[in-house]
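Novice: Let me give you the structure first, and then I'll get to my questions.
Just so you know, all these numbers are worked out from the coordinates, no wet-lab data involved. Because the structure is predicted, anything quoted here is derived from the model rather than measured. Reconstructed Cβ throughout: ideal geometry from the backbone, glycine too, with neighbour counts over all protein chains shown.
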Amino acid sequence: MSFLGEVIRIAIYLRNKGLTVITGDPNKSLKSQMRRANKLGCKHVIILGQEELSNQVVSIKNMDTGEQTAVPLDSLDNFITEVNNGKTGFEKR
């Protein structure tokens, strides 16, 4: 699957889980996209670049604490459940 196809697949998957998903502009720098996410009040951001895609992981960053963790794509559902249940440092706002 192409990079953009994988981004869309993950976005749809997360939206189907009831999460609000805003995709970044690939023409903007990561720093610029992080500033935008912060201005929008995002609690978490999912970073998916070529390196993450080749390793079949996403990086999830807690915007309040700055903590970032790599989550395997096949464990994303479990991670979201843990976040929603307050079992990680990535609790929802």
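Novice: Could you give P(r) for the chain, binned at 5 Å from zero, as whole percent values over all Cα-Cα pairs?
Specialist: In whole percents, the pair-distance histogram is 2, 13, 24, 28, 22, 9, 1.
Novice: Still on this structure: Calculate the tail of P(r) for the range 1-42: the fraction of all Cα-Cα distances greater than 13 Å, expressed in %.
Specialist: Tail of the P(r) past 13 Å holds 60 percent of the pairs.
Novice: Set the Förster radius R0 to 41 Å, insert the Cβ-Cβ distance between Leu4 and Asn85 as r into 1/(1 + (r/R0)^6), and round the FRET efficiency to 0.05.
Specialist: 0.80
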